[in-house]
Amino acid sequence: MDIKQARKNVIEQQIRPWGGLNVRANQALAEIPREKFVPEEYQKLVFADIEIPLNGVDKMLSPKIEGRILDCLNLQGNEEILEVGTGSGYLTSVLAKLSTSVQSIEIEKELYESAKARIKKLKLKNVELINDDFICSNFQEEEFDAIIISSALTYIDEDLKKLLKVGGSLFVVVGSKNHMHATLVSRSSKIDWQTNSLFETRLEFMKGHEPVEQFSF
């Protein structure tokens with residue numbers, strides 16, 4: 001396989017046709033070696049348009065979703081970023097290329113450790129990885145230019161929105177098991193936020209934030 005050509009093909013055949021048109025973001029996606037973050041048993045699918053399994057539950061985001069996230073955030077290089085769900089560490093590394101700093105939190109110890117090792121090999125110095133559950137109150141003293149939630153939520157908590165700086169943006173997939181949509185929340189002032197639905201998609205719910213089953217009798 002010609003790795004460089006395969007990376008280029010992902011941009012031209014998957015990301016750009018699905019709305020990932022940000023040139024700077026696509027360059028970073030091509031520069032970070034995606035194949036280094038994919039489990040050995042899935043190497044033949046490293047550039048496929050799928051969510052690649054990382055363990056029994058967690059998966060990498062598909063390339064086209066990664067492209068759309070970066071496109072809508074339109075990072076300029078001076079942002080402080082919070083990522084919830086490190087996963088493989090691939091998108092974390094791309095975000096590091098595009099920003100001043102990235103804090104990334106991962107609840108699964110094994111994923112945290114493997115992502116940490118992979119990111120270290122790339123010698124990225126502006127990434128802080130945290131092995132913990134995501135709780136908004138743990139970040140109350142901080143605000144971020146961009147927040148990326150790499151799993152789904154049933155709704156957007158007000159405390160989550162308040163972690164944004166004025167002018168900042170939050171990407172999150174919101175909805176129910178049967179209907180989810182990617183959403184961009186932008187903070188325009190201390191008291192004002194705008195919410196825009198971007199496109200329909202589906203992700204697994206954030207662990208500990210799954211919807212409560214409704215039973216009828």
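The values are calculated or read from the model by the stated rules, or taken from the named source; none is laboratory data. Remember, predicted model here, so these are calculated numbers, not experimental data. With ideal geometry, Cβ positions are generated from the backbone for all residues, glycine too; neighbour counts draw on all protein chains shown.
Below is a table of values for the structure above.
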| read-out | value |
| --- | --- |
| Members of the stretch 12-36 that are more than 20 Å from S99 (Cα to Cα) and among the hydrophobic types (A, V, I, L, M, F, W, C) | I15, W18 |
| Condition met for V38 (touching an Asp or Glu at 6+ places or on another chain (Cβ under 8 Å) and either charged (D, E, K, R) or closer than 22 Å to K116 by Cβ (or both)) | no |
| Restricting the stretch 165-179 to residues that are under 22 Å from I191 (Cα atoms) and over 16 Å from the mean Cα position of the chain (by Cα), the residue that is surrounded by the fewest Cβ atoms within 10 Å (Cβ to Cβ) | G167 |
| Boolean, V102 is crowded, with 20+ Cβ neighbours inside 10 Å and of a type in the set (A, V, I, L, M, F, W, C) | yes |
| Test: residue in the stretch 36-51 that is β-branched (V, I, T), within 22 Å of N131 (Cβ to Cβ), touching a residue at least 12 places away in the same chain (Cβ under 8 Å) and touching a Phe, Trp or Tyr at 6+ places or on another chain (Cβ under 6 Å) | no |
| Residue list for the stretch 159-209, restricted to those being part of a loop (DSSP other than H, G, I, E, B) and in contact (Cβ under 8 Å) with a residue 40 or more places away in the chain | L163, T201, R202, L203, E204, M206, K207, G208, H209 |
| Qualifying residue in the stretch 35-46 (condition: touching a strand residue (DSSP E or B) at 6+ places or on another chain (Cβ under 6 Å) and assigned to a helix (DSSP H, G or I)) | no |
| Flag if I50 is of a type outside the set (F, W, Y), within 23 Å of L198 (Cα to Cα) and assigned to a helix (DSSP H, G or I) | no |
| Scan of the stretch 18-34 for residues that are in contact (Cβ under 8 Å) with a residue 40 or more places away in the chain and part of a helix (DSSP H, G or I), ordered by number | W18, R24, A25, N26, A28, L29, E31, R34 |
| Only one of K162, K120 that is of a type in the set (K, R), out of contact with any Asp or Glu (no Cβ under 7 Å at 6 or more places or on another chain) and either more than 21 Å from G77 (Cα to Cα) or buried (at least 21 other Cβ atoms within 10 Å of the Cβ) (or both) | K162 |
| Meets criteria (out of contact with any Ser or Thr (no Cβ under 6 Å at 6 or more places or on another chain), at pLDDT 95 or above and crowded, with 19+ Cβ neighbours inside 10 Å) for V38 | yes |
| Complete set of residues in the stretch 55-109 that are out of contact with any Asp or Glu (no Cβ under 7 Å at 6 or more places or on another chain), part of a helix (DSSP H, G or I) and not hydrophobic (A, V, I, L, M, F, W, C) | E66, G67, R68, D71, Y90, S93, K109 |
| Looking only at the stretch 143-158, and only at residues there that are among the acidic types (D, E) and in contact (Cβ under 8 Å) with a residue 24 or more places away in the chain, the one that is nearest to E51 (Cα to Cα) | D145 |
| Residue within the stretch 78-96 that is modelled with pLDDT of 95 or more, farther than 20 Å from I11 by Cα and surrounded by fewer than 19 Cβ atoms within 10 Å (Cβ to Cβ) present | yes |
| Extreme residue, modelled with the lowest pLDDT, among residues of the stretch 1-28 that are under 15 Å from A48 (Cβ atoms) and aliphatic (A, V, I, L, M) | M1 |
| Failed item, numbered, when Q214 is tested on (1) over 18 Å from the mean Cα position of the chain (by Cα); (2) at pLDDT 95 or above | (2) |
